[in-house]
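> Got a structure here, written out as structure tokens. Questions coming.
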Amino acid sequence: MSPCSIPDDNDRVRRVASFEELLATPFKDGVNALCWERNLAGDFGEVLGKLDLEGGINPLDEEILSTLDLSPEGKLALDAMLGDLERLSSLGLAPELNGVIGHTRDEDPGLLRTDVYSFHADRATAEADTWLCTYLGPSSEGLRNERALRHVDDPEKRLALLKDYGGGDDAGFRRYLADHCYDLHYAALPGAKVFSFGLGSLWRIAVDYPGCPVPPCIHRAPNSLPGDLPRLMLIA
């Protein structure tokens, strides 16, 4: 398991010691990401080898996973994945286990790239969190809010967006930005320290919703390199 690489000066992230603490700890005082750092036992590569994955995101069916012929080490890995699925399902969430061979990229990003490889925040219309865990392959990455700039707050990019919108910098323009998710994407500032969510750790991160007490957590999918393993991951 690859550990999280959270910079010492990143006070936006708090480590917790259990699932119960992960669930009960509120987002406050600027903390917008909670990490239950774990070193999971088992052979996740064996689980991957038993799956017939295609390019893109492959939802992993729980019933099919339960029928895989695995060694004891493979079963330990699968039990960890299914245990997380059960934990989050018991909360009334809709968690998914996925096998990922490359996320979808914007074929024509236009004015701004808005795929998951871009630093972004998640948004909801009511109180919500995002839960993430990478079990195998490159892990998700995060960025401290103070080391990021929203693309729409960059004067040059905002001017280009205003030109595309064709109107003034008003409520209609803000709706245009939200409709295209332009207002959710960020650039890392020079010298920013990108941190890894690590393997095996279960994260709960803050989402942009009305009344959220903290800024949303900025994160992205990792840029996979040739030779990287496909990802086994959970998201809710």
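The values are calculated or read from the model by the stated rules, or taken from the named source; none is laboratory data. Because the structure is predicted, anything quoted here is derived from the model rather than measured. A quick note on method: Cβ atoms are made from the backbone with ideal geometry, for glycine too, and the neighbour counts reach across all protein chains shown.
> Determine whether region 167-180 contains at least one residue that is touching a Cys at 6+ places or on another chain (Cβ under 9 Å) and not aliphatic (A, V, I, L, M). So that I can check it myself, show each step before the final result.
Quick first cut of region 167-180, residues touching a Cys at 6+ places or on another chain (Cβ under 9 Å) only: none.
Looking through region 167-180, none of the residues is touching a Cys at 6+ places or on another chain (Cβ under 9 Å) and not aliphatic (A, V, I, L, M).
> Which of the residues that make up region 61-84 are at pLDDT 95 or above, out of contact with any Asp or Glu (no Cβ under 7 Å at 6 or more places or on another chain) and closer than 29 Å to residue 123 by Cα?
80, 81, 83, 84
> If you don't mind, another one. Can you tell which of 143, 132, 149 is farther than 18 Å from residue 187 by Cα and either among the hydrophobic types (A, V, I, L, M, F, W, C) or touching a residue at least 60 places away in the same chain (Cβ under 8 Å) (or both)? Explain how you work it out, then say what you get.
Details: 143 fails: farther than 18 Å from residue 187 by Cα; 149 fails: farther than 18 Å from residue 187 by Cα.
Result: 132 is the single residue among 143, 132, 149 that is farther than 18 Å from residue 187 by Cα and either among the hydrophobic types (A, V, I, L, M, F, W, C) or touching a residue at least 60 places away in the same chain (Cβ under 8 Å) (or both).
> Only helices (runs of 4 or more DSSP H) wholly contained in region 14-93 count here; list those with 2 or more residues that are touching a helix residue (DSSP H, G or I) at 6+ places or on another chain (Cβ under 8 Å) and either buried (at least 16 other Cβ atoms within 10 Å of the Cβ) or at negative phi (or both).
Numbers: elements: 19-24, 44-49, 62-66, 72-89.
Where helices (runs of 4 or more DSSP H) fall fully within region 14-93 and carry at least 2 residues being touching a helix residue (DSSP H, G or I) at 6+ places or on another chain (Cβ under 8 Å) and either buried (at least 16 other Cβ atoms within 10 Å of the Cβ) or at negative phi (or both), they are 44-49, 62-66, 72-89.
> Counting just the residues of region 180-223 that are outside any helix (DSSP H, G or I) and among the charged types (D, E, K, R), which one comes out surrounded by the most Cβ atoms within 10 Å (Cβ to Cβ)?
Initially, region 180-223 is screened for residues outside any helix (DSSP H, G or I), giving 180-181, 185-223.
Applying the additional criterion that residues be among the charged types (D, E, K, R) yields 193, 204, 208, 220.
Values: 193: 15, 204: 22, 208: 16, 220: 20.
Only one residue fits best here, namely 204.
> How do the pairs read when you match residues in region 67-95 that are without any contact (Cβ under 8 Å) to a residue 24 or more places away in the chain with residues anywhere that are surrounded by fewer than 14 Cβ atoms within 10 Å (Cβ to Cβ), using Cβ under 6 Å and keeping only pairs 6 or more apart or on different chains?
If the second residue must be surrounded by fewer than 14 Cβ atoms within 10 Å (Cβ to Cβ), no pairs are left.
> Taking region 145-164, which residues are over 24 Å from the mean Cα position of the chain (by Cα), crowded, with 17+ Cβ neighbours inside 10 Å and of a type outside the set (Lys, Arg)?
161
> Is it true that residue 112 is touching a strand residue (DSSP E or B) at 6+ places or on another chain (Cβ under 8 Å) and buried (at least 16 other Cβ atoms within 10 Å of the Cβ)?
Yes, satisfied.
> Output the residue which, of all residues in region 115-132 that are among the hydrophobic types (A, V, I, L, M, F, W, C) and at pLDDT 95 or above, is surrounded by the fewest Cβ atoms within 10 Å (Cβ to Cβ).
Filtering region 115-132 for residues among the hydrophobic types (A, V, I, L, M, F, W, C) gives 116, 119, 121, 124, 126, 128, 131-132.
Narrowing the set further to residues that are at pLDDT 95 or above leaves 119, 121, 124, 126, 128, 131-132.
On the way: 119: 23, 121: 23, 124: 14, 126: 8, 128: 15, 131: 20, 132: 21.
Result: 126.
> Answer with yes or no whether residue 234 is in contact with a Ser or Thr (Cβ under 9 Å, 6 or more places away or on another chain) and either modelled with pLDDT of 95 or more or within 25 Å of residue 10 (Cα to Cα) (or both).
yes
> Still on this structure, please answer the following. What pairs come up if the first residue lies in region 170-186 and is in contact (Cβ under 8 Å) with a residue 24 or more places away in the chain, the second is surrounded by 15 or more Cβ atoms within 10 Å (Cβ to Cβ) and polar (S, T, N, Q), and their beta carbons are under 8 Å apart, counting only those six or more places apart or on different chains?
180/114; 181/114; 182/114; 184/114; 185/114; 185/118; 186/118
Yes/no matrix, rows are residues, columns are (1) under 13 Å from the mean Cα position of the chain (by Cα); (2) over 16 Å from residue 32 (Cβ atoms):
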site: 170; (1), (2): no, yes
site: 188; (1), (2): no, yes
site: 205; (1), (2): yes, no
site: 215; (1), (2): no, no
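> How do the pairs read when you match residues in region 4-29 that are touching a residue at least 60 places away in the same chain (Cβ under 8 Å) with residues anywhere that are in a loop (DSSP other than H, G, I, E, B) and of a type in the set (D, E, K, R), using Cβ under 8 Å and keeping only pairs 6 or more apart or on different chains?
Cβ pairs passing all conditions: 4/37; 7/144; 7/193; 10/144; 10/193; 12/144.
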